[in-house]
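The structure appears below as structure tokens.
The values are calculated or read from the model by the stated rules, or taken from the named source; none is laboratory data. What you see is a predicted model, and the numbers here were worked out from it, not measured in a lab. FYI the Cβ positions are ideal-geometry reconstructions off the backbone, even for glycines, and counts take in every protein chain you see. Side chains are part of the model used for accessible areas, which takes the heavy atoms of the whole protein and leaves out ligands, DNA and RNA. Shrake-Rupley method; radii C 1.70, N 1.55, O 1.52, S 1.80 Å.
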Amino acid sequence: MPLFNADPKLPEVSYGLKKVQDEENKKTLFYESLFFKCMSDEIRDSDENTSFQFNWYIDGSLNFTSDTVLKNNLSNGYFYENDGIKKLGIKISCQYTLHNQDTDSRSISKMSEDFFAGLKILNEPIIVQRGKEGVIRMQLTVPFGCFFNPGDDISCKLTVEAKTPQRSSCNDIKGIGSCGVGIERKSWNAVQSVMIKNEDLTLDYKASPVHYIQFHTTAMPSHEIWSNVILQEVQIYVQDTKTDWKGRSCYSHSDPHMMTFDGLKYDNQNPGTFIMYESMDGFGNIMQVQTRLTPCNMVTAPGIFCNCGVAVRAAADVYVIDRCPNDEYFFGFKNCANNVLDVRKQDEFNYMIYFPTSTYVQLRLWKYQTENVIEVNIFPSKFDEGVSKGLCSQLNSSRLYDFNHKSHLHVHRPDSFSLSWRVKDQNSLFNMLKSDIENLGHMKGSVSICTCRKIKFELSNTVQCSNNVSCPRADEAVKSHACNQKGKRSIRSVFTYVPNKPLSRPQRSKRSAVVIRSMSEKEARIFCETYMNSSKSFQACRSVPNVDAENAIQNCIADIQLTNTTLWAPASREGLKTLCMKELNQNNTFREGKDGQRIVENIKNMMCPNECSGHGICNNGTCDCEGIFGGSDCSQELSIPPDVFSINPHSGGICDVANCEEAVVEGDMFLDRENLTCKMTRFQASLTNMKVYHESVIIPAEHNTLAEVRCRVPVNEHKRSIRYSHEAFVTGYMISISNNANNFSSGQFMYILDSTCQDTVNVSGQLRFALKDKYCFINGQCVPDNAEFGSNNCYGCASSENKFSWTLNATKEECKSSLDKGRYESVLVSLTMSCVAVILIVAFVIAIKKLKKRNTIAGLTKFPESHIDTGKPKLNFSFDSRGKF
């Protein structure tokens, strides 16, 4: 019994191949072209006098409209690959307009359903037991064509290869048999299989439980639409037979409540720097996290401490966030010897730092009253089992709830345990000199990252591992000046004097009033339960495995009784949400099945940071802030500008023109938002660093961290208005930053010099400038002695006579007439300028008198008058007999 089509106007997309004969360079080419046709019952049942026009859409956007065609010529309304299809791996849909010539009527069909044209992964995600094999299955949804000769069998192959994974290092995932598949044209729709295997090497780094592998097609000359097509990512979950480390975490939540990897909870109300976590990989490299504690509740409960600094070390790579009240503010790498610490930004207040062992640190930055506080979470990997130590203690399933003293004693007193892991200043990563940090020891062994590569035009049966392949993670990578400057000339090597970085310390905001709320334990519990359960995300997280909601309530109760305030309640709630989010991302069993996946997405959509601080609405996991507030959690008033401490802090505010494309701005409270902007006010400075200011431009800032933004150096469109002399020797910018493009910070200076001939000088600790010997500086260009002014060889650089303009060479016979003419013109110019000066003075006096009559004061600007120079000349260089200038 035939199926009844309820809607004859609903079209369907289908496909086909058409043989094409084409002339190219007087040579006939025969090939198959892919096309798509749009068909419905209405079209099939129409008469011969009906015509149609077809609209073709790619990924929902109109891409091609056909000519109007009669029913007996529908092929002219097909969508061919040369009608605008660039690459496959797309969704195609169609719609048509019907014209009936007999009735002079016109109607428009419905839109067809999307048809995916490309290569589909059939069984994603892939579950692989550690050390076992798995398979990835894929299938084409449309055929591919070939070049052919008339009379011959048509045959060709489409090759699909694995790409480097895009998110996590794949050091223990490899292909077996091949790193891809070759699909034959005759069996194009057969299901293809790629085998993968997990290898667990004893001394190699342990992989993350989640991996991402991506496939792509190789070049295919007969069909550009099939060349270098990127397929969807394939998720691979590695399941361990040993899973003791899964679901474990170690944390230090303010003020600070501690928990070891084995779930033992205690408080560490002691000042100083502590080793929170330490481990050692199979090559003997030390992985370490140090935390610094400071008093943070002096008003209501002296003796309460908070984390104000975190230092993370992998061998000799050290990343530090120091926001402690008596320290110099620091946010970034102190050393980057091997580039093995992977620092990622989730938003301006949340950061992830990955060790090469896949253990990672999650940090949340916030402010309690006037104190900068850091919440610290450490999530272990399989590699930490039986090895970890520090305040996180040893991850060991056979001996739970025991403190591991630094002296290898097992104690039951938290303070004795905590103090055993307090470090002296000389061992503190916060205080250690740069030279001492560099001597910590470079990374031993290699970090293997694997990919598939073609060898001799054949698919390889092994995966090659290299530490030169980058596998970035999902979050945005934090840029590092220390890591990016390798191999580049340092500013200190090309200039005589580089000022030290100014002291970096945020301005203190006024302390807000604190409400004293002394409560009994019962009253505190009622408050905390009510407060926590008012959060939808907190309630949703109760159902997530390995998340202890009661523990967050207990911490909230303890905070109230310790501090006599309820201000710490958000810290307990946000700490639980962090643990919940980690489980949602990594717990494979919770995500299995469509229902599980939907539950995960629903919870994530509620997970807005700090519940938007009461100044915004949570929309699919992102805060939509009220107009005057900003930040990922809507906690910051946009009218309060950020702090700016320094520009290019590693080079004393100096930038060499040969490599000066952007300014690195160091400060505090830079918000990652669209209106984060740089105000660049151009200036010129004299040899004594006296400045004259010119135009200002406002440009978008590139957010890096809460403490750093990048500003592109503007392309100066007013070069002809720049006049260079000893009074205007150096160009630069005064730079200030705004979070809302309106309220700007105070400005700091960046000086742009040409190290070829310009130099810096220290005069009583003040930055001054100098011109190097045997150079002129003319129209903003370094000119060596004896260089001539283009084709006019009568003028050149003679630095002993004039360092800032061209000098007439009177020793040449042909230049003497120019000398006499120059003298005459000089006298004439001097007389003319004298007359002009008298006229200007008279006019100026008259103008002043008029302004005084209006009782208006006009301020004199420091902007130099416009000046049209001769531009940068093409130089002719003259050499002496020794080949020198």
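In table form, for the structure just shown:
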{"item": "Neighbour net charge for R292 - beta-carbon separation under 10 angstrom, K R +1, D E -1", "result": "-1"}
{"item": "For segment 680-690, Karplus couplings with θ = phi - 60° (6.51, -1.76, 1.60), whole Hz, Gly/Pro x", "result": "10, 9, 6, 9, 10, 10, 7, 4, 8, 6, 7"}
{"item": "Long-range HN-HN contacts of C146 with modeled amide H, under 5 Å", "result": "E32"}
{"item": "Cβ-Cβ FRET estimate between F30 and S518, R0 fixed at 60 Å, reported to 0.05", "result": "0.10"}
{"item": "Under 12 Å from K18, Cα to Cα: aspartates and glutamates that are on another chain or at least 8 residues apart", "result": "E32, E81"}
{"item": "Extension gain (nm, one decimal) between R106 and N659, 0.36 nm per residue minus Cα-Cα", "result": "192.7 nm"}
{"item": "Residue-normalised accessible area of segment 646-686, given per residue in Å² at a 1.4 Å probe", "result": "30"}
{"item": "Average accessible surface area per residue within segment 20-109, 1.4 Å rolling probe, Å²", "result": "55"}
{"item": "Virtual spin-label span in nm between A190 and S696, 7 Å along Cα→Cβ", "result": "7.1"}
{"item": "Point-to-point label distance, R505-N742, nm (Cα→Cβ direction, 7 Å offset)", "result": "3.2"}
{"item": "Virtual spin-label span in nm between T811 and T370, 7 Å along Cα→Cβ", "result": "6.9"}
{"item": "Gained length - E674 relative to K157, 0.36 nm times residue gap less alpha-carbon distance", "result": "181.4 nm"}
{"item": "Directionally averaged projected area (convex hull, Cα atoms, segment 278-348), nm²", "result": "6.4"}
{"item": "For segment 1-148: rounded, prolate or oblate by the Cα gyration tensor [a/c cutoff 1.5]", "result": "oblate"}
{"item": "Exceeding the 19 Å Cα-Cα cut-off - candidates K389/K577; K19/K91; K9/K37; K345/K424", "result": "K389/K577; K19/K91; K345/K424"}
{"item": "Fully extended contour minus Cα-Cα distance, from T622 to A477, at 0.36 nm per residue", "result": "50.2 nm"}
{"item": "Accessible area of segment 29-155 belonging to carbon and sulfur atoms, whole % at 1.4 Å probe", "result": "43"}
{"item": "Set of aspartates and glutamates with alpha-carbon distance to K86 below 15 Å, sequence-local pairs under 8 removed", "result": "D59, E224"}
{"item": "Segment 665-712: C-alpha gyration tensor shape, a/c 1.5 cut-off, then a/b vs b/c", "result": "prolate"}
{"item": "Once the Cα gyration tensor of segment 558-702 is diagonalised, semi-axes √(5λ) in Å", "result": "43, 20, 16"}
